[in-house]
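**Q** Below is one structure. I have some questions about it.
Just so you know, all these numbers are worked out from the coordinates, no wet-lab data involved. In this text the structure is predicted, and so the values were computed from the model without any measurement. So basically every Cβ, Gly included, is an ideal-geometry build from the backbone, and we count neighbours across all protein chains shown.
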């Protein structure tokens, strides 16, 4: 078991170290060498994770405490191997391996080729440890690695202003959600003296459940944080597929599965998760049907399914949403990777059929008055006005308060300077 775990975690880490160290000494690896080491590390790692998930008989926890107990608090690097983490680990390495091989051709001769695989390998390492995390401090570290690599890959084409602007907005939303996880870790240590999931999630504190739900909302783009998802499509197609179609967007739902004892102990929070999931699913369906860009349409289709998964978790299901998560991640990866050739596929099908494909998507709106139908269509094009609501009712009041405090501080400093000594 230890050998398989070492291969599954060590080879992606070795890939990241190889790419980063050569880049640090200004000797980045060539495309040919990178194209060789990516499959040679990810394929054996996937095989080891698959063997581990098939052969591992029961739940196992591995803990390492480098700092020991500090002021009565125990900080541990803890991993959990069970029915939830091991299949998810195998899924991560499978989809990352497929996407990595696809990206070698997709980004051929791209100026940021080495930078992409450096950030890609960093994402894999963070995703693996987030899947296996067994303590709050392990999860927070992996969570931050994921957020950083995601934002940098959204801004991959940094020579254009729009990707950088969108990456900054996504990073801002991530930071709001991450506050929930950080505060949950602090409160968990304050109340229980440890960050181990087995102790923290069985404590039953409603505040921890709400903070965990906030972290899941930010990472999985649940309403009202859904507006960052289409902005994340500015990155390369491989990163869009693996991050926002398959893995990263499901991590919030995975966290809720891991924190299921907290939801079971707090039914109001569980029902809140159901409401947010259903509202997100409706929002994703409503907005996604008006999108004209295939990646944005797929992103909102992913959001719809993620909302349903979260609602299933809130209703008390455990195995069904996990199977839903695994299947949906595989489907969306395939669809995102096929997105660049979508028009070619449609033209080929139409040539084979001999006519245009029939129009689909007209459902209940056929029974609505034309005026109301137009207003709903405009609202869908504006993505439910979520971004405008957050800008006008959250961001601007916050900036106004910050500006007022800044002026008050400057006034007080000038008053102290004029005071006679």
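**Q** Given that just one value was derived from the coordinates, which of (1) 1.00; (2) 0.97; (3) 1.06 is Rg/Rh (Cα atoms, Kirkwood Rh)?
**A** Only one listed value fits the structure, namely (1).
**Q** I would also like to ask the following. Based on DSSP, what percent of beta bridges with both residues in the chain are antiparallel, to the nearest 5?
**A** Expressed as a percentage, antiparallel bridges in the chain total about 90.
**Q** Which value in deg cm²/dmol, rounded to the nearest 500, describes the helix-derived mean residue ellipticity at 222 nm for the chain, given -39,500 (n - 2.57) per DSSP H run of n ≥ 4 and division by the residue count?
**A** Helices in the chain give a 222 nm mean residue ellipticity of -23000 deg cm²/dmol.
**Q** Ok, one more. How high is the FRET efficiency between residue 27 and residue 367 when r is their beta carbon distance and R₀ equals 51 Å, given to the nearest 0.05?
**A** It comes to 0.20.
**Q** Let me ask something additional. What FRET efficiency do you get for residue 356 and residue 55 if R0 is 45 Å and r is their Cβ-Cβ distance, rounded to the nearest 0.05?
**A** With R0 = 45 Å, the Cβ-Cβ based efficiency is 0.30.
**Q** Could you check which residue among 340, 236, 397 shows the biggest mean-square fluctuation in a GNM of the chain with a 10 Å Cα cutoff?
**A** Maximum fluctuation in the GNM of the chain, among the listed residues, is at 397.
**Q** Would you mind ranking 108, 324 by Cβ crowding within 10 Å, fewest neighbours first?
**A** Placing the least packed residue first, the sequence is 108, 324.
**Q** In a GNM of the chain with a 10 Å cut-off on Cα contacts, which of 98, 170, 33 has the highest mean-square fluctuation?
**A** Largest GNM mean-square fluctuation: 33.
**Q** If you rank 308, 124 by fewest surrounding Cβ atoms within 10 Å, what's the result?
**A** Fewest-to-most ranking of 308, 124: 308, 124.
**Q** Starting from the Cα-Cα distance between residue 279 and residue 345, subtract it from 0.36 nm times their residue separation and give me the gain in nm to one decimal.
**A** 20.5 nm
**Q** So how far apart, in nm, are the two label points at residue 293 and residue 105 if each is 7 Å from Cα heading toward Cβ?
**A** 2.5
**Q** Same structure again: Counting other C-beta atoms within 10 Å, which of 109, 295, 202 has the fewest, and how do the rest follow?
**A** 109, 202, 295
**Q** For an R0 of 35 angstrom, estimate the FRET efficiency from the Cβ-Cβ distance between residue 164 and residue 330 and round to the nearest 0.05.
**A** With a Förster radius of 35 Å, E is 0.65.
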